[in-house]
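S.K.: Before I ask anything, here is the structure I am working with.
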Amino acid sequence: MDIYTTIDTPLGELLLAGDGQALARVSFDLAARAGLRREPGAFAEAERQFAEYFAGERIAFDLPLASHGTPFQERVWEEVAALPYGTTTTYGALAARVGAPRDRIRAVGAAVGANPLLVVRPCHRVVGADGSLTGYAGGVERKHELLALEGVRQPRLWSVLS
């Protein structure tokens, strides 16, 4: 991962980083660009797909990805990537899907939280057992807005007025 670009989204500026061929990081945390070279247009296809997603015209991303995690993280991320648009699952259900015992739900949550490819790998679709929006690297408010975009939650009135 040596280059990055940023794109404007309805939820703020989004960082896209990688080697120019594959995305290794998608983040609302712009500090993650430290040490990388800005290359506008380097991720043109990703930019196009994000524009379609935020316009409500795309339900899945089809991009080359190059993130690397532990074998456990990769297993969790694979299950997160399989979550359909417009749905949610719980951390407990996700733990069951990866074969983790109930006492490893926190480890599953940590793996979800370590996801370097926000939105593309839709960790915003993982919620608490009671449906609460627990944690999100991009902020819980953005998690709510992403789920509202996908029709899972009602948009907040203030976002309609702003």
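The values are calculated or read from the model by the stated rules, or taken from the named source; none is laboratory data. Bear in mind the structure is a predicted one, so any value in this text is a computation, not a measurement. FYI the Cβ positions are ideal-geometry reconstructions off the backbone, even for glycines, and counts take in every protein chain you see. Just so you know, the surface numbers come from the protein's heavy atoms only, side chains and all, with ligands and any DNA or RNA stripped out. Shrake-Rupley method; radii C 1.70, N 1.55, O 1.52, S 1.80 Å.
S.K.: Looking at Leu23, Leu15, which one is hydrophobic (A, V, I, L, M, F, W, C), open to solvent by less than 60 Å² (accessible area, probe 1.4 Å), outside the structural domain of Gly139 (by the TED database) and free of Cβ contacts under 8 Å to residues at least 24 places away in the same chain?
M.R.: Answer to the check: Leu15.
S.K.: Let me ask something else. What number goes with the only condition from (1) modelled with pLDDT under 95; (2) outside the structural domain of Val140 (by the TED database); (3) open to solvent by less than 20 Å² (accessible area, probe 1.4 Å) that Gly35 does not pass?
M.R.: Checking Gly35 against (1) modelled with pLDDT under 95; (2) outside the structural domain of Val140 (by the TED database); (3) open to solvent by less than 20 Å² (accessible area, probe 1.4 Å), the one that fails is (3).
S.K.: Please specify each residue of segment 52-76 satisfying the condition of being under 18 Å from Gly18 (Cβ atoms) and open to solvent by 60 Å² or more (accessible area, probe 1.4 Å).
M.R.: Residues satisfying the conditions are Asp62, Pro64, Leu65, His68, Glu74.
S.K.: Confirm whether Val140 is under 30 Å from Gly20 (Cα atoms), open to solvent by 60 Å² or more (accessible area, probe 1.4 Å) and not assigned by the TED database to the domain that holds Ala46.
M.R.: yes
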